[in-house]
Amino acid sequence: MSAPPLASPRTLRAAAWLGVAFLTIPLLGLLQRAPWSTLAERLSAAAVVDAMRVSLVVSLGAALVSLVVGLPLAWALARETLPGARVIRALVMLPMVLPPVVAGTALLFALGRRGLVGQWLDSWFGITLPFSTAGATIAATFVALPFFVTTVEAALRDAGTELEEAAAVCGAGPFATFARVTIPASRGSIAAGIALAWARALGEFGATITFAGSFEGRTRTLPLQTFLALEADPETAVALSVLLLAISLAVLVAMRGRWMQR
């Protein structure tokens, strides 16, 4: 026999609804100002379409890099006893709380033409990352990677090691176990991590403009185009904001079940 649900005090319920209102009212204000009658026309303008193309290239590249780099990192944090694991985990999560402009500045001094690593990339290989599409992708990856790693690491911890141990008993090597057991068993969480990393990369602004600038056709993503439109064409800025809001909401709603299961 299950216990009856506890009734919440009126003050807590009122405070909860106040929190809901605080988060909802700005979104309603945005939707109320949206130019619905000309929305399609504004979103199909040449500059906007170009920003969409750059955003897709940058965000998909960031999601791919997050998968390639983040999956082994999430597995190591969840399964291995890494030296300084707490410090590594803190470093992984740092971009989530770091001001984006600080992240862009750090990237600039690390990967710029005179940066810690960038000077060697430039002199040895002729690779210049700032103010390029590759630089915008790196900036987006820097802020998106933690979302992938934390999502997948939590899922791997919750899943336990029983299946992997059974595969090892049956003679599977470490890599075969990872490829044939760990990844298939965690594919839902991996997909959720990719979606979150992609959405975060799509909405990145501060690190991108600091490290990659805002060059049309090269580094000007949708958030940067929105910022530029705020002064010259506010209605287009609102239309772009509605588009980004819809994409973010769609990702969150699609991934909600995965979070609640964990």
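The residue of the stretch 48-98 that is farthest from S186 (Cα to Cα), among those that are in a helix (DSSP H, G or I) and charged (D, E, K, R), is D50.
Only residues that are more than 17 Å from R53 (Cα to Cα) and either among the hydroxyl-bearing types (S, T, Y) or in contact with a strand residue (DSSP E or B) (Cβ under 9 Å, 6 or more places away or on another chain) (or both) were counted in the stretch 237-249, giving 1. Restricting attention to the stretch 181-207, the residues that are touching a Lys or Arg at 6+ places or on another chain (Cβ under 9 Å) and either over 30 Å from V102 (Cβ atoms) or surrounded by fewer than 20 Cβ atoms within 10 Å (Cβ to Cβ) (or both) total 3.
Under the condition of being over 13 Å from the mean Cα position of the chain (by Cα) and of a type in the set (F, W, Y), which residue from the stretch 96-147 is nearest to T221 (Cα to Cα)? That would be F131.
For the stretch 159-182, the set of residues classified as closer than 15 Å to L77 by Cα and within 26 Å of the chain's Cα centre (by Cα) consists of A159, G160, F178, T182, listed by residue number. When only residues in the stretch 122-177 that are on the phi > 0 side of the Ramachandran plot and loosely packed, with under 15 Cβ neighbours inside 10 Å count, which is modelled with the highest pLDDT? Of everything passing the filter in the stretch 122-177, G126 is modelled with the highest pLDDT.
Could you list, in sequence order, all residues of the stretch 197-236 that are among the aliphatic types (A, V, I, L, M), under 19 Å from the mean Cα position of the chain (by Cα) and in a helix (DSSP H, G or I)?
Across the stretch 197-236, the qualifying residues are A197, A199, A201, L202, A207, I209, L222, L224.
Is it true that V54 is under 14 Å from L222 (Cβ atoms), surrounded by 15 or more Cβ atoms within 10 Å (Cβ to Cβ) and in contact (Cβ under 8 Å) with a residue 24 or more places away in the chain? Taking the combined requirement at face value, the residue satisfies it. As a summary of the residue check, R113 satisfies the conditions (1) farther than 29 Å from I190 by Cβ; (2) among the basic types (K, R); (3) in contact with a Leu (Cβ under 8 Å, 6 or more places away or on another chain) except for the one numbered (3).
Per-residue answers, yes or no, for (1) under 24 Å from V65 (Cβ atoms); (2) hydrophobic (A, V, I, L, M, F, W, C):
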residue	(1), (2)
T141	yes, no
T150	yes, no
T161	no, no
C170	no, yes
G173	no, no
A179	yes, yes
T182	yes, no
W198	yes, yes
T221	yes, no
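When R79, R13 are checked against the criterion of being in contact with a helix residue (DSSP H, G or I) (Cβ under 8 Å, 6 or more places away or on another chain), farther than 18 Å from P223 by Cβ and at pLDDT below 90, R79 stands alone in meeting it. State yes or no: is V181 touching a residue at least 40 places away in the same chain (Cβ under 8 Å), of a type in the set (V, I, T) and in contact with a helix residue (DSSP H, G or I) (Cβ under 8 Å, 6 or more places away or on another chain)? So V181 fails the test. A search for C-beta distances below 6 Å between a residue of the stretch 210-233 that is more than 20 Å from F109 (Cβ to Cβ) and free of Cβ contacts under 8 Å to residues at least 40 places away in the same chain and any residue that is surrounded by fewer than 22 Cβ atoms within 10 Å (Cβ to Cβ) and among the acidic types (D, E), counting only pairs 6+ apart in sequence or on different chains, returns nothing.
Just to check your reading of the model, which residue among A192, A212 is within 14 Å of F148 (Cβ to Cβ), among the hydrophobic types (A, V, I, L, M, F, W, C) and in contact with a helix residue (DSSP H, G or I) (Cβ under 7 Å, 6 or more places away or on another chain)?
A192 is the lone residue from the list that is within 14 Å of F148 (Cβ to Cβ), among the hydrophobic types (A, V, I, L, M, F, W, C) and in contact with a helix residue (DSSP H, G or I) (Cβ under 7 Å, 6 or more places away or on another chain).
So E80 clears everything in (1) of a type outside the set (A, V, I, L, M, F, W, C); (2) farther than 23 Å from R200 by Cα; (3) touching a residue at least 60 places away in the same chain (Cβ under 8 Å) except one condition, right? Which one? With (1) of a type outside the set (A, V, I, L, M, F, W, C); (2) farther than 23 Å from R200 by Cα; (3) touching a residue at least 60 places away in the same chain (Cβ under 8 Å) applied to E80, the lone miss is (3).
The values are calculated or read from the model by the stated rules, or taken from the named source; none is laboratory data. The structure displayed is predicted, hence computed values, not measured ones. Cβ sites come from the backbone with ideal geometry, for glycine too, and all protein chains shown count toward neighbours.
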